[in-house]
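*Asks:* First, the structure itself, so that you have it in front of you.
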Amino acid sequence: MSDNIIIERIWEDDSFFEIKITAQNENICAASKVYVQNETIDDLREKIKDIVSLKESKAFWQAGKRGDATPPSVSLEFARDGRGHVIIDVYMELDDGGKLSAHNCSFYVKTEMGLLENFAIQLQILKTDGVGAKAQLSE
């Protein structure tokens, strides 16, 4: 199992939609569903562009708010290592029946700048192609 992040649009309404984020590395695979708007996806794309363009060495993105009183949240923290690699610190609250504050996970997904740049381009289709649209970090 190689490091990967897959984001798929699974439900939509007029002003927002639901995505399923699946992240994995050689030790773990986890998935969470979060509600987002087009602006949330644009923000993720901008954070990735800042990393890829070398404008920033670290960037943080979050969908949803952490805590038991809200729907699950997911966050991605990107950090470049200076050699063309990026480590993504994935945090997911898991909606499996327990309190989100206790049922969550955090782990690293490793990637390369070129794959991350391609991922940012793919994210645009989440906004335009409707339910079933998918962006994938690694093929």
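The values are calculated or read from the model by the stated rules, or taken from the named source; none is laboratory data. Since this is a predicted model, take the numbers as computed values, not measurements. Please note: Cβ atoms are built from the backbone with ideal geometry, for glycine as well, and neighbour counts cover all protein chains shown. Calculation scope for accessible area: heavy atoms of the full protein, side chains included, ligands and nucleic acids excluded. Shrake-Rupley method; radii C 1.70, N 1.55, O 1.52, S 1.80 Å.
*Asks:* Identify the single condition in (1) open to solvent by less than 70 Å² (accessible area, probe 1.4 Å); (2) at pLDDT 95 or above that residue 49 does not satisfy, given that it satisfies every other one.
*Replies:* Tallying (1) open to solvent by less than 70 Å² (accessible area, probe 1.4 Å); (2) at pLDDT 95 or above, residue 49 fails exactly one: (1).
*Asks:* Also, quick follow-up: Restricting to the stretch 118-139, give me the number of residues that are in contact (Cβ under 8 Å) with a residue 24 or more places away in the chain and over 14 Å from the mean Cα position of the chain (by Cα).
*Replies:* 6
*Asks:* When the residues of the stretch 1-41 are narrowed to those that are farther than 23 Å from residue 113 by Cβ and of a type in the set (A, V, I, L, M), which ends up surrounded by the most Cβ atoms within 10 Å (Cβ to Cβ)?
*Replies:* Ranking the qualifying residues of the stretch 1-41, first place goes to 19.
*Asks:* Which of the residues that make up the stretch 70-82 are more than 20 Å from residue 37 (Cα to Cα) and over 16 Å from the mean Cα position of the chain (by Cα)?
*Replies:* Within the stretch 70-82, the subset more than 20 Å from residue 37 (Cα to Cα) is 78-82.
The answer is 80, 81, 82.
*Asks:* Give the residues of the stretch 54-101 that are in contact (Cβ under 8 Å) with a residue 60 or more places away in the chain, out of contact with any Lys or Arg (no Cβ under 7 Å at 6 or more places or on another chain) and either within 14 Å of residue 113 (Cα to Cα) or surrounded by 18 or more Cβ atoms within 10 Å (Cβ to Cβ) (or both), sorted by residue number.
*Replies:* Answer for the stretch 54-101, where residues must be in contact (Cβ under 8 Å) with a residue 60 or more places away in the chain, out of contact with any Lys or Arg (no Cβ under 7 Å at 6 or more places or on another chain) and either within 14 Å of residue 113 (Cα to Cα) or surrounded by 18 or more Cβ atoms within 10 Å (Cβ to Cβ) (or both): 76, 88, 90, 92.
*Asks:* Could you please let me know if residue 110 is surrounded by fewer than 18 Cβ atoms within 10 Å (Cβ to Cβ) and either out of contact with any Gly (no Cβ under 6 Å at 6 or more places or on another chain) or over 22 Å from residue 30 (Cβ atoms) (or both)?
*Replies:* Yes, satisfied.
*Asks:* Quickly run through the stretch 84-133 and pick out the residues that are touching a strand residue (DSSP E or B) at 6+ places or on another chain (Cβ under 8 Å), over 14 Å from residue 7 (Cβ atoms) and acidic (Asp, Glu).
*Replies:* 89, 93, 95, 112
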